[in-house]
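Q: Pasting in a structure now, in structure tokens, and then I'll have a few things to ask.
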Amino acid sequence: VPSARCCGSPGEPRALFPLPSARGPLPAPRWPVECEVIKEPIKHIEWVPPEPEPFCQPMSPEGAPAALSEKQGTVVYHFSPAPQGSCFSRARVGGAPGPLSSPAAPLEGPQDTTLLFESRFESGNLQKAVKVGPYEYVLTLRPDLYTAKHTQWFYFRVQNTRRDPLYRFTIVNLAKPKSLYSEGMRPLLYSQRDAQSHGIGWRRVGADVCYYRGSGGGEEPAAFHLSWTSCFPHDGDTCFFAHSYPYTYSDLQHYLRALAGDPVRSRYCAVRALCRSLAGNTIYLLTITSPAGAAAKRVVVLSARAHPGESGGSWAMQGFLDFLLSTHDDAQLLRRLFVFKVVPMLNPDGVVVGNSRCSLAGRDPNRAYGTVLRDSFPGVWHLRAMVERVLAEREVVLYCDFHGHSRKNNVFMYGCDGGKASARPRLHQRVFPLMLSKNAPDKFSFPSCKFQVQKSKAGTGRVVMWRMGVSNSYTMEVAFGGSTLGGRSSHFTVEDLKSLGYHLCDTLLDFCDPDPAKLQQCLSEVDAMVRQRLGHEPGSGDSWSDVSPSELES
């Protein structure tokens, strides 16, 4: 395995690893050698539905369909690359050498209506499908590679569809007790024929959506089930189901190649390698600024996809990059004012293999920012080291790590309130999120934001960066579902997710405006909220320094 070594000086890492150039093939993803990978490329078009996609009326757990045991059915797909207890050893382009196995049961003829399942492609993670009725399937997701848990993300392909029947799918090994599927969220479907013939992409589908606790068996703890019914739009179609809009490592590389080939945008965006992942995939670092006066500028650091199953973070990041690299007056002003250091995909290995939360170390990278194990957690180790070098020379005005949230709708932030030990006035950490809620009132919920630093979050990016000296350090959480604000009760579209990047840029200009009026106004509003909640005035110095972080929480 190539060593996860650092690539350069505080300013610009050297391009030691393959980078997307404007010409020639892209560097192919490297996979653990246990993983089989089908050869055909999987591509999806971008599309925004013409009408909002409302939440459905979810079924109560009491109305859950009768449990059908796998023993009552026929296994029609089974592929499990890594035995339990194994760990990562090496990787290669294309994954497992040699011919592919046949995990799907063959059809018995044209009259056989069995669906053909497949997920041996980037970000796919179906482990098993069991046919328990003519049009009913029980599905098992593959846990994060080299672990036995973290099942939430799903993404798989089905072929041999029929248009008329109502199908039922039940995923039987989800990990989390609570889910937005209980609040009306619906799965995503993509029809290849609709994409080719009508330009229609991912859309929300599913009736009788139900999220409920399974019965468990033997010594195994009870897992949670997601069940839904759906029709397919065409006979003989190729379709995909997903938990959220997929955004793969190859998608990022295509985007970065377009940047590299653009004579205008490439003048103020340098694409370099921060380091290599455990599998040897390049973790990219973008440095964005206008050439003039770079030495005096403050720095903004952004990252995404520490958790690979939270693909909405990549769409928000792409929206941020689209705006920041545009010709818009505000984008030009931002490039004149700041140096942006952006790591768009911190955990490419997890994204490639279809993990929900972990890297190939079998651990959550967003609990490892304090690690000294550079070779086990290369992305977060090198990101932290880069920020340390930057802080030795200049101020980092903002750090924001983009994530997805599975239990609460809307967009919100987690910040850091240092309590009595904090050198800054207590309410300042709340200003940036409040400004963002004003700029995106139909998406961002300030009341959902939290600022208490819990012990269990000590190794997260936002807490470690804050303790290093980044006062405004945040995790931005984007719901897998959608928005309940501004008269909405509908799922987020890709366009909604990308717009968050623009709103972040807009808020940064408000936050750093030389005229302090907006900042003072937001501080006054936060102060009034705290007074109303606590029912009393601040103590000494008007700073709320005598109030505990838990009392100040939303």
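The values are calculated or read from the model by the stated rules, or taken from the named source; none is laboratory data. None of these values were measured; they are calculated from a predicted model. For neighbour counting, all protein chains shown are included, and Cβ atoms are generated from backbone atoms with ideal geometry for every residue, glycine included. What goes into the accessible areas is simple: the full protein's heavy atoms, side chains included, and nothing from ligands, DNA or RNA. Shrake-Rupley method; radii C 1.70, N 1.55, O 1.52, S 1.80 Å.
Q: Using 0.36 nm per residue, how much length does the chain from residue 87 to residue 60 gain when fully extended, once their Cα-Cα distance is taken away? List each step's numbers first, then the result.
A: Numbers: separation 27, 0.36 × 27 = 9.72 nm, distance 3.92 nm.
Full extension from residue 87 to residue 60 adds 5.8 nm.
Q: Compute the acute angle (0 to 90°) between the alpha-carbon long axis of helix 312-324 and the principal axis of greatest extent of the alpha-carbon atoms of the chain; round to the nearest 10°.
A: 50 degrees
Q: For the chain, give the percent of accessible area contributed by carbon and sulfur heavy atoms, probe 1.4 Å, rounded to a whole number. Each step should come with its number before you reach the end.
A: On the way: 11400 of 22140 Å².
In the chain, the share of accessible area belonging to carbon and sulfur is 51 percent.
Q: Indicate, rounded to the nearest 5 percent, the antiparallel portion of the DSSP beta bridges found entirely in the chain. Before the final figure, lay out the partial values.
A: On the way: 57 of 83 bridges.
Roughly 70 percent of the beta bridges in the chain run antiparallel, per DSSP.
Q: Right, something else. So, for the chain, what is the accessible surface per residue at a probe of 1.4 Å, expressed in square angstrom?
A: So the chain comes to 40 Å² accessible per residue, rounded to a whole number.
Q: Let me have the relative contact order for the range 267-534, percent, based on Cα pairs under 8 Å that are six or more residues apart. Write down the numbers at each step before the final one.
A: On the way: 537 pairs, mean separation 61.0, N = 268.
Contact order relative to length: 23 percent.
Q: Any chance you could look up the accessible area of residue 268 with a 1.4 Å probe, heavy atoms only, rounded to 10 Å²?
A: Ignoring ligands and nucleic acids, residue 268 comes out at about 30 Å².
Q: Once the other residues with Cβ under 14 Å from the Cβ of residue 178 are scored (Lys, Arg +1; Asp, Glu -1), what is the net sum?
A: Working: positive: 176, 213, 407, 408; negative: 183.
So the environment of residue 178 carries a net charge of +3.
Q: Which one, 125, 86, 113, projects farthest toward the positive side of the charge dipole computed for the range 46-132 from Cβ point charges (K/R +1, D/E -1)?
A: Comparing the listed Cα positions along the dipole, 86 ranks first.
Q: Of 31, 381, which has the most accessible area and how do the rest follow, probe 1.4 Å?
A: 381, 31
Q: Right, another one. Given a Förster radius of 60 Å and the C-beta distance between residue 75 and residue 266 as r, what FRET efficiency does 1/(1 + (r/R0)^6) yield to the nearest 0.05?
A: Values: r = 50 Å, r/R0 = 0.84.
Plugging the Cβ-Cβ distance into 1/(1 + (r/R0)^6) gives 0.75.
Q: Once the other residues with Cβ under 15 Å from the Cβ of residue 365 are scored (Lys, Arg +1; Asp, Glu -1), what is the net sum? Display every interim value, and only then the final one.
A: Working: positive: 276, 305, 357, 363, 367, 374, 384, 457, 462; negative: 144, 310, 349, 364, 375, 401.
Neighbour charge sum, excluding residue 365 itself: +3.
Q: Also: For the chain, what is the mean residue ellipticity at 222 nm derived from helices alone (per DSSP H run of n ≥ 4: -39500 (n - 2.57); sum divided by total residues; nearest 500 deg cm²/dmol)?
A: Values: 11 runs with 118 residues, N = 554.
Dividing the helical sum by the residues of the chain leaves -6500 deg cm²/dmol.
Q: Computed FRET efficiency, Cβ-Cβ of residue 207 and residue 336, R0 41 Å: what is it to the nearest 0.05?
A: Values: r = 52 Å, r/R0 = 1.26.
Calculated value: 0.20.
Q: Follow-up. By accessible area of protein heavy atoms, probe 1.4 Å, what ranking do 403, 536 get, highest first? Don't skip to the end; give the middle numbers.
A: Working: 403 5, 536 80 Å².
From most accessible down to least: 536, 403.
Q: For Rg and Dmax of the Cα atoms in Å, several values are listed as (i) 26.5, 87; (ii) 28.8, 95; (iii) 23.8, 81; flag the one computed from this structure.
A: Checked against the structure: label (iii).
Q: What is the magnitude of the charge dipole of the chain about its Cα centre, with +1 placed on the Cβ of each Lys and Arg, -1 on the Cβ of each Asp and Glu, and no other charges, expressed in debye to the nearest 20? Don't jump to the answer; show the numbers that get you there.
A: Working: 61 positive and 52 negative charges, 297 e Å.
Approximately 1420 debye in magnitude.
Q: Still on this structure, I have one more. Using Cα atoms only, what is the angle between the long axis of helix 378-391 and the major principal axis of the chain, expressed in degrees (0 to 90) to the nearest 10?
A: With rounding to tens, the tilt is 10 degrees.
Q: In the full protein assembly as shown, how much of residue 147 is accessible to a 1.4 Å probe, in Å² to the nearest 10?
A: 30 Å²
Q: Once you order the gyration tensor axes a ≥ b ≥ c over the Cα atoms, which shape class does the range 267-534 get: rounded for a/c under 1.5, otherwise prolate or oblate by comparing a/b with b/c?
A: rounded
Q: If I ignore ligands, DNA and RNA and count only protein heavy atoms, how much of residue 204 is accessible to a 1.4 Å probe, in Å² to the nearest 10?
A: That residue has around 10 Å² of solvent-accessible surface.
Q: Just going by the charge dipole of the chain, with Lys and Arg at +1 and Asp and Glu at -1 on Cβ, which of 184, 440, 354 is farthest out on the positive end?
A: 354
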